[in-house]
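Below is one structure; the comments refer to it alone.
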Amino acid sequence: MAARFFNTLSRSVQEFAPLDPAGKSVGMYCCGPTVHDFAHIGNFRTFVFADLVRRFLEFRGFAVTHVMNITDVEDKIIRRVREAGTTLREFTGKYEAAFLDDVRALNCLPPHQTPRATEYIAEMVDLIGQLIERGIAYRAPEGSVYFSIEKYRGCGCKYGQLVKLNFDEMRVGERVASDEYEKESLADFALWKARVPDDGDVFWPSPWGEGRPGWHIECSAMSMKLLGPSFDLHLGGEDLAFPHHEDEIAQSEGATGQPFVKHWMHGAHLLVEGKKMSKSLGNFFTLRDLLAKGFTGREIRYLLLTAHYRDSFNFTIDGLTGARTALARIDECLAKLRELAGATVAGSDAAVLHKFAGALDDDLNISAAWAAVFDWVRDLNRALAANELQPAAAAAALGAWQRMDAVVGIGGKSEAEVPVELLALLDERNAARKAKDFKRGDTIRDELKSKGWAIEDTAKGAKLKKL
RNA sequence: GGCGGGGUAGCCAAGUGGUAAGGCACGGCUCUGCAAAAGCUGCAUCGUCGGUUCGAUUCCGACCCUCGCCUCCA
(Lines give C-alpha, C1' and ligand atoms only; values in the text may rest on other atoms or scores of the structure.)
Protein backbone atom coordinates (compact mmCIF):
# COMPACT_ATOMS: atom_id res chain seq x y z
CA MET A 1 0.00 0.00 0.00
CA ALA A 2 1.26 3.41 -0.87
CA ALA A 3 1.28 6.41 1.38
CA ARG A 4 -1.45 8.94 0.68
CA PHE A 5 -1.27 12.48 2.01
CA PHE A 6 -3.47 15.52 1.80
CA ASN A 7 -1.92 17.95 -0.66
CA THR A 8 -2.86 21.56 -0.02
CA LEU A 9 -2.40 22.26 -3.74
CA SER A 10 -5.15 19.87 -4.80
CA ARG A 11 -7.09 20.08 -1.53
CA SER A 12 -7.38 16.33 -1.60
CA VAL A 13 -5.67 13.22 -0.35
CA GLN A 14 -3.44 11.83 -3.04
CA GLU A 15 -0.84 9.17 -3.40
CA PHE A 16 2.61 10.33 -2.49
CA ALA A 17 4.94 9.73 -5.43
CA PRO A 18 8.28 11.50 -5.53
CA LEU A 19 9.70 13.24 -8.61
CA ASP A 20 12.63 10.83 -8.64
CA PRO A 21 12.02 8.45 -11.58
CA ALA A 22 13.33 5.63 -9.41
CA GLY A 23 10.70 6.54 -6.83
CA LYS A 24 13.30 6.53 -4.08
CA SER A 25 14.73 9.96 -3.27
CA VAL A 26 12.56 12.56 -1.60
CA GLY A 27 13.43 16.21 -1.10
CA MET A 28 11.60 17.63 1.88
CA TYR A 29 11.69 21.19 3.16
CA CYS A 30 10.11 22.41 6.35
CA CYS A 31 9.90 26.07 7.30
CA GLY A 32 11.94 26.32 10.47
CA PRO A 33 11.97 28.73 13.39
CA THR A 34 12.55 32.45 13.48
CA VAL A 35 15.14 32.60 16.22
CA HIS A 36 14.05 35.66 18.17
CA ASP A 37 12.90 33.87 21.33
CA PHE A 38 12.41 30.41 22.81
CA ALA A 39 10.03 28.43 20.66
CA HIS A 40 6.68 27.50 22.17
CA ILE A 41 4.76 24.27 22.25
CA GLY A 42 2.66 25.30 19.27
CA ASN A 43 5.78 25.73 17.16
CA PHE A 44 6.91 22.29 18.18
CA ARG A 45 3.71 20.67 17.05
CA THR A 46 4.73 21.57 13.52
CA PHE A 47 8.27 20.29 13.90
CA VAL A 48 7.14 17.04 15.47
CA PHE A 49 4.66 16.70 12.61
CA ALA A 50 7.46 17.22 10.07
CA ASP A 51 9.55 14.66 11.93
CA LEU A 52 6.70 12.17 11.73
CA VAL A 53 6.37 12.70 7.98
CA ARG A 54 10.06 12.18 7.48
CA ARG A 55 10.23 9.09 9.70
CA PHE A 56 7.22 7.53 8.05
CA LEU A 57 8.61 8.13 4.56
CA GLU A 58 11.83 6.48 5.67
CA PHE A 59 9.81 3.61 7.12
CA ARG A 60 8.22 3.27 3.71
CA GLY A 61 11.66 2.99 2.15
CA PHE A 62 12.21 6.48 0.75
CA ALA A 63 15.60 8.14 0.99
CA VAL A 64 14.62 11.51 2.43
CA THR A 65 16.72 14.65 2.35
CA HIS A 66 15.24 16.82 5.06
CA VAL A 67 16.02 20.54 5.05
CA MET A 68 14.84 22.97 7.70
CA ASN A 69 15.85 26.60 7.57
CA ILE A 70 16.74 28.89 10.44
CA THR A 71 15.39 32.39 9.92
CA ASP A 72 18.03 34.53 11.57
CA VAL A 73 17.23 37.91 10.08
CA GLU A 74 13.80 39.51 10.28
CA ASP A 75 12.09 42.60 11.67
CA LYS A 76 11.52 41.32 15.18
CA ILE A 77 15.07 40.01 15.44
CA ILE A 78 16.52 43.31 14.33
CA ARG A 79 14.43 45.20 16.84
CA ARG A 80 15.49 42.95 19.67
CA VAL A 81 19.13 43.04 18.68
CA ARG A 82 18.93 46.81 18.83
CA GLU A 83 17.16 46.76 22.20
CA ALA A 84 19.62 44.28 23.65
CA GLY A 85 22.60 46.16 22.27
CA THR A 86 24.11 42.94 20.99
CA THR A 87 25.08 41.59 17.60
CA LEU A 88 22.82 39.69 15.25
CA ARG A 89 24.92 36.54 15.38
CA GLU A 90 25.21 36.53 19.15
CA PHE A 91 21.51 37.11 19.59
CA THR A 92 20.27 34.55 17.09
CA GLY A 93 22.96 32.03 18.04
CA LYS A 94 21.54 31.77 21.52
CA TYR A 95 18.01 31.01 20.38
CA GLU A 96 19.14 28.78 17.56
CA ALA A 97 21.10 26.62 20.01
CA ALA A 98 18.10 26.54 22.36
CA PHE A 99 15.85 25.53 19.52
CA LEU A 100 18.11 22.70 18.44
CA ASP A 101 18.30 21.48 22.06
CA ASP A 102 14.52 21.55 22.25
CA VAL A 103 13.88 19.53 19.11
CA ARG A 104 16.46 17.04 20.32
CA ALA A 105 14.58 16.77 23.63
CA LEU A 106 11.50 15.93 21.58
CA ASN A 107 13.47 13.20 19.84
CA CYS A 108 13.09 14.75 16.40
CA LEU A 109 15.67 13.46 13.95
CA PRO A 110 18.04 16.27 13.03
CA PRO A 111 17.36 17.56 9.51
CA HIS A 112 20.14 16.80 7.06
CA GLN A 113 20.63 20.51 6.53
CA THR A 114 19.68 23.51 8.66
CA PRO A 115 20.64 26.49 6.50
CA ARG A 116 20.71 29.94 8.03
CA ALA A 117 19.14 32.72 6.03
CA THR A 118 22.10 35.02 6.57
CA GLU A 119 24.38 32.50 4.88
CA TYR A 120 22.34 32.46 1.68
CA ILE A 121 22.13 36.17 0.96
CA ALA A 122 24.01 35.71 -2.33
CA GLU A 123 21.46 33.14 -3.52
CA MET A 124 18.62 35.47 -2.57
CA VAL A 125 20.20 38.37 -4.42
CA ASP A 126 20.57 36.13 -7.48
CA LEU A 127 16.97 35.07 -7.30
CA ILE A 128 15.76 38.65 -6.96
CA GLY A 129 17.95 39.58 -9.91
CA GLN A 130 16.29 36.92 -12.04
CA LEU A 131 12.86 38.18 -11.08
CA ILE A 132 13.80 41.74 -11.99
CA GLU A 133 15.25 40.52 -15.28
CA ARG A 134 12.00 38.78 -16.09
CA GLY A 135 10.09 41.92 -15.28
CA ILE A 136 8.23 40.40 -12.38
CA ALA A 137 9.96 42.43 -9.67
CA TYR A 138 10.63 46.14 -9.48
CA ARG A 139 12.75 48.47 -7.44
CA ALA A 140 10.91 51.21 -5.58
CA PRO A 141 12.49 54.66 -5.35
CA GLU A 142 13.66 54.19 -1.77
CA GLY A 143 15.65 51.07 -2.74
CA SER A 144 13.39 48.23 -1.76
CA VAL A 145 12.50 45.59 -4.32
CA TYR A 146 8.97 44.26 -4.59
CA PHE A 147 7.35 41.34 -6.30
CA SER A 148 4.58 42.37 -8.69
CA ILE A 149 1.67 40.01 -8.53
CA GLU A 150 0.11 41.67 -11.54
CA LYS A 151 3.20 41.11 -13.73
CA TYR A 152 3.52 37.59 -12.45
CA ARG A 153 -0.01 36.83 -13.50
CA GLY A 154 0.62 38.62 -16.76
CA CYS A 155 3.12 35.95 -17.77
CA GLY A 156 0.60 33.20 -17.35
CA CYS A 157 1.45 32.21 -13.80
CA LYS A 158 -1.13 31.55 -11.15
CA TYR A 159 -1.10 33.41 -7.86
CA GLY A 160 -3.38 31.74 -5.33
CA GLN A 161 -2.53 28.08 -5.72
CA LEU A 162 -2.62 27.12 -2.06
CA VAL A 163 -5.47 29.29 -0.88
CA LYS A 164 -8.51 30.34 -2.84
CA LEU A 165 -8.17 34.05 -3.06
CA ASN A 166 -10.75 36.57 -3.98
CA PHE A 167 -8.92 39.83 -4.17
CA ASP A 168 -12.08 41.87 -4.48
CA GLU A 169 -13.36 40.54 -1.20
CA MET A 170 -10.09 40.34 0.62
CA ARG A 171 -9.33 42.96 3.14
CA VAL A 172 -6.00 43.52 1.56
CA GLY A 173 -3.86 46.15 3.08
CA GLU A 174 -5.75 46.68 6.29
CA ARG A 175 -2.67 45.83 8.25
CA VAL A 176 0.00 46.97 5.86
CA ALA A 177 2.96 48.46 7.64
CA SER A 178 3.45 52.14 7.05
CA ASP A 179 6.93 51.64 5.60
CA GLU A 180 5.58 49.73 2.66
CA TYR A 181 3.65 52.48 0.94
CA GLU A 182 5.94 52.59 -2.06
CA LYS A 183 4.57 49.36 -3.43
CA GLU A 184 2.76 49.66 -6.74
CA SER A 185 0.00 47.45 -5.46
CA LEU A 186 -0.96 46.63 -1.91
CA ALA A 187 -0.81 42.91 -2.60
CA ASP A 188 2.81 43.10 -3.73
CA PHE A 189 5.37 41.92 -1.22
CA ALA A 190 8.96 42.80 -0.40
CA LEU A 191 11.85 40.81 -1.81
CA TRP A 192 14.52 43.20 -0.61
CA LYS A 193 14.06 45.78 2.12
CA ALA A 194 16.18 48.91 1.80
CA ARG A 195 18.35 49.70 4.77
CA VAL A 196 16.86 52.08 7.33
CA PRO A 197 18.66 53.63 10.31
CA ASP A 198 16.99 51.29 12.79
CA ASP A 199 18.60 48.32 11.08
CA GLY A 200 21.92 49.25 12.65
CA ASP A 201 24.63 46.92 11.43
CA VAL A 202 22.19 44.48 9.94
CA PHE A 203 22.46 44.99 6.19
CA TRP A 204 24.07 43.54 3.11
CA PRO A 205 25.13 45.13 -0.16
CA SER A 206 23.09 44.41 -3.27
CA PRO A 207 22.72 45.77 -6.80
CA TRP A 208 19.77 47.81 -5.47
CA GLY A 209 21.57 49.25 -2.50
CA GLU A 210 22.19 48.16 1.06
CA GLY A 211 19.42 46.30 2.77
CA ARG A 212 18.22 42.88 3.78
CA PRO A 213 16.08 40.16 2.26
CA GLY A 214 12.34 39.87 2.66
CA TRP A 215 11.06 36.91 4.58
CA HIS A 216 9.58 34.84 1.78
CA ILE A 217 12.62 34.94 -0.48
CA GLU A 218 14.71 33.14 2.13
CA CYS A 219 12.84 29.90 1.82
CA SER A 220 12.73 30.02 -1.98
CA ALA A 221 16.47 30.60 -2.21
CA MET A 222 17.51 28.02 0.36
CA SER A 223 15.12 25.27 -0.65
CA MET A 224 15.98 25.52 -4.34
CA LYS A 225 19.67 25.76 -3.64
CA LEU A 226 19.65 22.61 -1.52
CA LEU A 227 16.89 20.56 -3.14
CA GLY A 228 16.74 21.86 -6.70
CA PRO A 229 14.22 24.09 -8.51
CA SER A 230 11.56 21.41 -8.22
CA PHE A 231 11.26 19.20 -5.20
CA ASP A 232 8.79 16.83 -3.59
CA LEU A 233 7.53 18.00 -0.28
CA HIS A 234 7.18 21.28 1.55
CA LEU A 235 5.74 21.47 5.04
CA GLY A 236 4.82 24.14 7.52
CA GLY A 237 2.16 25.40 9.89
CA GLU A 238 -1.21 26.18 8.38
CA ASP A 239 -0.79 29.89 8.95
CA LEU A 240 2.13 29.88 6.54
CA ALA A 241 0.06 28.72 3.58
CA PHE A 242 -0.81 32.32 2.88
CA PRO A 243 1.00 34.47 2.26
CA HIS A 244 4.37 32.86 2.98
CA HIS A 245 4.09 29.69 0.93
CA GLU A 246 2.03 31.29 -1.79
CA ASP A 247 4.74 33.88 -2.17
CA GLU A 248 7.44 31.22 -2.18
CA ILE A 249 5.68 29.57 -5.09
CA ALA A 250 5.34 32.88 -6.92
CA GLN A 251 8.99 33.83 -6.48
CA SER A 252 10.33 30.41 -7.33
CA GLU A 253 8.14 29.66 -10.30
CA GLY A 254 8.44 33.25 -11.47
CA ALA A 255 12.22 32.93 -11.50
CA THR A 256 12.66 29.40 -12.83
CA GLY A 257 9.55 28.85 -14.91
CA GLN A 258 9.33 25.39 -13.38
CA PRO A 259 6.90 23.89 -10.90
CA PHE A 260 8.28 24.55 -7.44
CA VAL A 261 6.90 21.92 -5.08
CA LYS A 262 4.84 18.86 -5.89
CA HIS A 263 3.30 18.23 -2.53
CA TRP A 264 2.41 20.74 0.20
CA MET A 265 1.40 19.68 3.68
CA HIS A 266 0.23 22.01 6.44
CA GLY A 267 -0.10 21.22 10.11
CA ALA A 268 -2.96 22.67 12.11
CA HIS A 269 -2.46 24.87 15.15
CA LEU A 270 -2.60 24.08 18.78
CA LEU A 271 -4.92 25.42 21.43
CA VAL A 272 -3.64 25.35 24.98
CA GLU A 273 -6.14 24.72 27.77
CA GLY A 274 -8.91 25.41 25.29
CA LYS A 275 -7.67 28.83 24.28
CA LYS A 276 -5.27 30.34 21.87
CA MET A 277 -1.93 30.57 23.57
CA SER A 278 -1.22 33.94 25.07
CA LYS A 279 1.05 35.22 27.76
CA SER A 280 -1.71 37.07 29.57
CA LEU A 281 -3.84 33.92 29.86
CA GLY A 282 -0.92 32.07 31.38
CA ASN A 283 -1.24 29.26 28.87
CA PHE A 284 1.83 30.16 26.87
CA PHE A 285 4.30 27.32 27.22
CA THR A 286 7.76 26.99 25.84
CA LEU A 287 9.23 23.52 25.83
CA ARG A 288 11.45 24.67 28.68
CA ASP A 289 8.44 25.62 30.78
CA LEU A 290 7.04 22.13 30.43
CA LEU A 291 10.33 20.40 31.14
CA ALA A 292 10.66 22.58 34.23
CA LYS A 293 7.28 21.27 35.38
CA GLY A 294 8.77 17.80 35.34
CA PHE A 295 7.37 16.52 32.08
CA THR A 296 9.67 14.76 29.69
CA GLY A 297 10.30 15.30 26.01
CA ARG A 298 8.82 11.93 25.16
CA GLU A 299 5.61 12.70 27.06
CA ILE A 300 5.24 15.96 25.23
CA ARG A 301 6.08 14.33 21.91
CA TYR A 302 3.55 11.60 22.51
CA LEU A 303 0.81 14.07 23.34
CA LEU A 304 1.59 16.14 20.25
CA LEU A 305 1.35 12.95 18.22
CA THR A 306 -2.03 11.81 19.50
CA ALA A 307 -4.11 13.94 17.17
CA HIS A 308 -4.33 14.13 13.41
CA TYR A 309 -2.04 16.79 12.03
CA ARG A 310 -4.78 18.60 10.10
CA ASP A 311 -7.07 19.02 13.10
CA SER A 312 -6.52 21.65 15.69
CA PHE A 313 -5.53 20.07 18.95
CA ASN A 314 -6.15 21.11 22.51
CA PHE A 315 -2.96 20.76 24.51
CA THR A 316 -3.51 20.55 28.25
CA ILE A 317 -1.51 19.76 31.35
CA ASP A 318 -4.08 17.08 32.16
CA GLY A 319 -3.46 15.61 28.77
CA LEU A 320 0.24 15.55 29.50
CA THR A 321 -0.38 13.66 32.72
CA GLY A 322 -2.52 11.23 30.80
CA ALA A 323 0.27 10.85 28.26
CA ARG A 324 2.56 9.73 31.04
CA THR A 325 0.14 6.98 32.08
CA ALA A 326 -0.43 5.88 28.51
CA LEU A 327 3.30 5.59 27.87
CA ALA A 328 3.74 3.63 31.08
CA ARG A 329 1.28 1.11 29.72
CA ILE A 330 3.50 0.58 26.69
CA ASP A 331 6.67 0.59 28.79
CA GLU A 332 5.33 -2.05 31.17
CA CYS A 333 4.41 -4.33 28.34
CA LEU A 334 7.79 -3.89 26.65
CA ALA A 335 9.63 -4.60 29.89
CA LYS A 336 7.74 -7.85 30.31
CA LEU A 337 8.41 -8.79 26.72
CA ARG A 338 12.12 -8.17 27.15
CA GLU A 339 12.21 -10.28 30.25
CA LEU A 340 10.50 -13.13 28.48
CA ALA A 341 12.36 -12.87 25.21
CA GLY A 342 15.78 -12.80 26.82
CA ALA A 343 18.33 -13.40 24.10
CA THR A 344 15.81 -14.94 21.71
CA VAL A 345 15.89 -13.38 18.27
CA ALA A 346 12.95 -13.39 15.90
CA GLY A 347 11.52 -11.43 12.99
CA SER A 348 8.86 -8.79 13.43
CA ASP A 349 5.26 -9.54 14.16
CA ALA A 350 3.69 -8.65 10.81
CA ALA A 351 0.05 -8.25 11.83
CA VAL A 352 0.47 -5.21 14.04
CA LEU A 353 2.91 -3.60 11.63
CA HIS A 354 0.43 -4.01 8.83
CA LYS A 355 -2.33 -2.27 10.79
CA PHE A 356 -0.03 0.42 12.08
CA ALA A 357 1.47 1.26 8.69
CA GLY A 358 -1.89 1.03 6.94
CA ALA A 359 -3.28 3.66 9.28
CA LEU A 360 -0.39 6.01 8.58
CA ASP A 361 -0.66 5.40 4.85
CA ASP A 362 -4.10 6.97 5.14
CA ASP A 363 -2.96 10.58 5.43
CA LEU A 364 -1.07 9.87 8.65
CA ASN A 365 -4.02 8.62 10.66
CA ILE A 366 -1.98 8.57 13.84
CA SER A 367 -4.96 7.95 16.11
CA ALA A 368 -5.74 4.73 14.28
CA ALA A 369 -2.05 3.84 14.42
CA TRP A 370 -2.02 4.27 18.19
CA ALA A 371 -5.20 2.21 18.43
CA ALA A 372 -3.32 -0.58 16.62
CA VAL A 373 -0.49 -0.27 19.11
CA PHE A 374 -2.75 -0.33 22.18
CA ASP A 375 -4.83 -3.21 20.89
CA TRP A 376 -1.61 -5.09 20.40
CA VAL A 377 -0.44 -4.22 23.91
CA ARG A 378 -3.69 -5.48 25.36
CA ASP A 379 -3.46 -8.76 23.45
CA LEU A 380 0.12 -9.23 24.58
CA ASN A 381 -0.78 -8.45 28.18
CA ARG A 382 -3.53 -11.07 28.09
CA ALA A 383 -1.16 -13.67 26.72
CA LEU A 384 1.49 -12.70 29.23
CA ALA A 385 -0.96 -12.86 32.13
CA ALA A 386 -2.09 -16.33 31.00
CA ASN A 387 1.50 -17.44 30.63
CA GLU A 388 0.76 -18.30 27.03
CA LEU A 389 3.39 -16.23 25.28
CA GLN A 390 6.50 -17.99 24.00
CA PRO A 391 9.91 -16.28 24.04
CA ALA A 392 9.97 -16.29 20.24
CA ALA A 393 6.63 -14.50 20.12
CA ALA A 394 7.88 -11.95 22.65
CA ALA A 395 10.96 -11.37 20.52
CA ALA A 396 8.82 -10.92 17.40
CA ALA A 397 6.68 -8.41 19.26
CA LEU A 398 9.79 -6.48 20.28
CA GLY A 399 10.97 -6.55 16.68
CA ALA A 400 7.68 -5.04 15.58
CA TRP A 401 7.90 -2.39 18.26
CA GLN A 402 11.36 -1.42 17.12
CA ARG A 403 10.02 -0.73 13.65
CA MET A 404 6.98 1.15 14.89
CA ASP A 405 9.06 3.19 17.26
CA ALA A 406 11.32 4.20 14.39
CA VAL A 407 8.23 6.10 13.19
CA VAL A 408 6.69 7.44 16.40
CA GLY A 409 10.01 8.06 18.12
CA ILE A 410 8.73 7.46 21.64
CA GLY A 411 11.53 5.12 22.59
CA GLY A 412 11.40 2.93 25.62
CA LYS A 413 11.83 4.26 29.08
CA SER A 414 15.35 3.40 30.07
CA GLU A 415 15.49 1.12 33.07
CA ALA A 416 16.99 3.17 35.83
CA GLU A 417 19.87 1.59 37.71
CA VAL A 418 18.91 0.83 41.27
CA PRO A 419 21.51 2.05 43.79
CA VAL A 420 22.94 -0.84 45.82
CA GLU A 421 22.03 0.65 49.18
CA LEU A 422 18.39 0.69 48.09
CA LEU A 423 18.63 -2.93 47.04
CA ALA A 424 19.86 -3.69 50.54
CA LEU A 425 16.78 -1.93 51.94
CA LEU A 426 14.60 -3.94 49.63
CA ASP A 427 16.18 -7.16 50.89
CA GLU A 428 15.58 -6.03 54.43
CA ARG A 429 11.92 -5.40 53.70
CA ASN A 430 11.56 -8.80 52.07
CA ALA A 431 13.03 -10.37 55.19
CA ALA A 432 10.70 -8.36 57.42
CA ARG A 433 7.67 -9.43 55.41
CA LYS A 434 8.75 -13.02 55.53
CA ALA A 435 8.96 -12.72 59.32
CA LYS A 436 5.48 -11.10 59.25
CA ASP A 437 6.93 -7.89 60.61
CA PHE A 438 4.69 -5.82 58.35
CA LYS A 439 5.17 -2.67 60.33
CA ARG A 440 8.88 -2.75 59.66
CA GLY A 441 8.22 -3.70 56.06
CA ASP A 442 5.90 -0.75 55.52
CA THR A 443 8.35 1.63 57.13
CA ILE A 444 10.97 0.59 54.63
CA ARG A 445 8.46 0.94 51.82
CA ASP A 446 7.78 4.52 52.89
CA GLU A 447 11.46 5.22 53.19
CA LEU A 448 12.11 4.01 49.66
CA LYS A 449 9.19 6.05 48.42
CA SER A 450 10.63 9.18 49.98
CA LYS A 451 13.81 8.46 48.05
CA GLY A 452 11.83 8.32 44.83
CA TRP A 453 11.46 4.58 44.35
CA ALA A 454 8.29 2.53 44.42
CA ILE A 455 8.11 -1.12 45.37
CA GLU A 456 6.18 -3.33 43.05
CA ASP A 457 5.23 -6.65 44.51
CA THR A 458 4.87 -9.03 41.61
CA ALA A 459 4.34 -12.75 41.42
CA LYS A 460 8.05 -13.11 40.86
CA GLY A 461 9.03 -11.04 43.85
CA ALA A 462 9.47 -7.39 44.73
CA LYS A 463 10.99 -4.92 42.30
CA LEU A 464 12.02 -1.32 42.58
CA LYS A 465 10.78 1.22 40.10
CA LYS A 466 11.85 4.82 39.81
CA LEU A 467 8.98 7.21 40.39
C1' G B 1 -17.34 40.46 4.48
C1' G B 2 -14.43 36.37 1.60
C1' C B 3 -12.19 31.50 2.09
C1' G B 4 -11.21 26.99 4.85
C1' G B 5 -11.43 23.45 9.13
C1' G B 6 -14.31 21.48 13.34
C1' G B 7 -18.65 20.02 16.67
C1' U B 8 -18.50 11.94 18.71
C1' A B 9 -18.78 9.66 26.36
C1' G B 10 -16.16 13.66 32.38
C1' C B 11 -11.53 14.87 29.11
C1' C B 12 -8.45 13.81 24.49
C1' A B 13 -9.60 11.46 19.96
C1' A B 14 -10.57 7.68 15.39
C1' G B 15 -14.31 5.88 12.22
C1' U B 16 -18.55 3.97 9.34
C1' G B 17 -25.17 3.97 5.02
C1' G B 18 -26.82 -1.10 8.98
C1' U B 19 -26.96 0.76 15.70
C1' A B 20 -19.46 3.69 17.50
C1' A B 21 -11.51 2.34 17.59
C1' G B 22 -7.95 3.77 21.09
C1' G B 23 -5.97 6.69 25.35
C1' C B 24 -6.86 9.35 30.11
C1' A B 25 -10.27 9.65 34.22
C1' C B 26 -13.98 6.77 36.89
C1' G B 27 -16.39 1.93 38.80
C1' G B 28 -15.79 -3.54 39.36
C1' C B 29 -12.50 -7.75 39.64
C1' U B 30 -7.60 -10.40 40.06
C1' C B 31 -3.11 -10.13 42.71
C1' U B 32 -1.58 -8.43 48.02
C1' G B 33 -0.75 -9.11 55.14
C1' C B 34 -2.61 -4.12 53.77
C1' A B 35 -1.45 -1.08 50.02
C1' A B 36 0.81 0.47 45.69
C1' A B 37 2.03 -0.98 40.95
C1' A B 38 0.41 -4.03 37.19
C1' G B 39 -3.26 -6.84 34.59
C1' C B 40 -8.31 -7.95 33.24
C1' U B 41 -13.07 -5.75 32.79
C1' G B 42 -17.37 -2.16 32.56
C1' C B 43 -18.74 2.66 30.75
C1' A B 44 -21.50 6.99 24.47
C1' U B 45 -26.31 6.41 20.02
C1' C B 46 -22.21 10.76 17.46
C1' G B 47 -24.35 20.03 17.92
C1' U B 48 -29.92 21.33 16.58
C1' C B 49 -34.01 20.85 13.17
C1' G B 50 -35.72 18.96 8.66
C1' G B 51 -35.03 15.75 4.11
C1' U B 52 -33.41 11.21 1.25
C1' U B 53 -33.37 5.87 2.66
C1' C B 54 -35.92 -0.38 4.66
C1' G B 55 -32.18 1.92 7.79
C1' A B 56 -27.99 7.96 9.03
C1' U B 57 -23.73 9.44 13.62
C1' U B 58 -22.18 8.63 8.48
C1' C B 59 -25.60 11.58 2.37
C1' C B 60 -28.44 16.47 1.35
C1' G B 61 -30.47 21.30 3.25
C1' A B 62 -31.06 24.95 7.00
C1' C B 63 -29.57 26.71 11.62
C1' C B 64 -26.49 27.20 16.13
C1' C B 65 -21.63 27.04 18.21
C1' U B 66 -16.35 27.01 17.61
C1' C B 67 -11.36 27.47 15.42
C1' G B 68 -8.05 29.23 11.54
C1' C B 69 -6.39 32.38 7.22
C1' C B 70 -7.22 37.21 4.67
C1' U B 71 0.46 40.07 4.46
C1' C B 72 3.83 39.49 12.52
C1' C B 73 2.47 34.30 13.33
C1' A B 74 4.10 26.85 13.62
Return the residue satisfying two criteria in turn: it lies in the stretch A:322-332 and is within 6 Å of RNA strand B (Cβ to nearest atom) and touching a helix residue (DSSP H, G or I) at 6+ places or on another chain (Cβ under 9 Å), and of such residues it is nearest to A:Thr458 (Cα to Cα). A:Glu332
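State whether one or more residues within the stretch A:2-12 are outside the structural domain of A:Ala241 (by TED's automatic domain parsing) and more than 15 Å from RNA strand B (Cβ to nearest atom). Let's see the steps before the verdict.
Initial filter on the stretch A:2-12 (outside the structural domain of A:Ala241 (by TED's automatic domain parsing)): A:2-12.
Those left that are additionally more than 15 Å from RNA strand B (Cβ to nearest atom): A:2.
Yes, the stretch A:2-12 contains a residue that is outside the structural domain of A:Ala241 (by TED's automatic domain parsing) and more than 15 Å from RNA strand B (Cβ to nearest atom).
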Would you mind stating whether A:Ile444 is buried (at least 17 other Cβ atoms within 10 Å of the Cβ), closer than 28 Å to A:Glu299 by Cβ and within 10 Å of RNA strand B (Cβ to nearest atom)? no
Can you tell me how many residues in the stretch A:159-183 are within 23 Å of A:Met124 (Cβ to Cβ) and modelled with pLDDT of 85 or more? 3
Residue under evaluation A:Leu270, criteria (1) modelled with pLDDT under 95; (2) within 26 Å of A:Glu15 (Cα to Cα), criterion not met: (2)
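Quick one: is A:Glu238 farther than 14 Å from A:Glu123 by Cβ, assigned by TED's automatic domain parsing to the domain that holds A:Asn69 and not basic (Lys, Arg)? Spell out the reasoning first.
Values: farther than 14 Å from A:Glu123 by Cβ: yes; assigned by TED's automatic domain parsing to the domain that holds A:Asn69: yes; not basic (Lys, Arg): yes.
In short, yes.
Mind checking which strands (runs of 3 or more DSSP E) fall wholly inside the stretch A:1-109 and carry at least 2 residues that are touching a residue at least 60 places away in the same chain (Cβ under 8 Å) and among the aromatic types (Phe, Trp, Tyr)?
Answer list for the stretch A:1-109: A:4-7.
Please enumerate the residues belonging to the stretch A:280-312 that are assigned to a helix (DSSP H, G or I), among the charged types (D, E, K, R) and loosely packed, with under 15 Cβ neighbours inside 10 Å.
A:Asp289 - this is the single residue of the stretch A:280-312 that is assigned to a helix (DSSP H, G or I), among the charged types (D, E, K, R) and loosely packed, with under 15 Cβ neighbours inside 10 Å.
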Is it the case that some residue within the stretch A:378-399 is of a type in the set (A, V, I, L, M), over 23 Å from A:Thr325 (Cβ atoms), at pLDDT below 95 and not in a helix (DSSP H, G or I)? yes
Among the listed residues A:Ala241, A:Ala250, A:Ala268, identify the single one that is within 12 Å of RNA strand B (Cβ to nearest atom), of a type outside the set (D, E, K, R) and more than 21 Å from the chain's Cα centre (by Cα). A:Ala250
Long-range neighbours under 7 Å by Cβ, at least six apart or interchain, first residue within 12 Å of A:Met404 (Cβ to Cβ) within the stretch A:365-376, second among the charged types (D, E, K, R): A:Ala372/A:Lys355
Could you tell me how many of the residues in the stretch A:412-466 are under 16 Å from A:Ala335 (Cα atoms), in a loop (DSSP other than H, G, I, E, B) and free of Cβ contacts under 8 Å to residues at least 60 places away in the same chain? 6
Residues located in the stretch A:458-467, provided they are more than 16 Å from A:Glu339 (Cα to Cα) and within 10 Å of RNA strand B (Cβ to nearest atom): A:Leu467
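The values are calculated or read from the model by the stated rules, or taken from the named source; none is laboratory data. Computed from a prediction, not measured in an experiment: that's the story for all the values here. Here the Cβ is made from the backbone with ideal geometry for all residues, glycine too, and neighbour counts use every protein chain on show.
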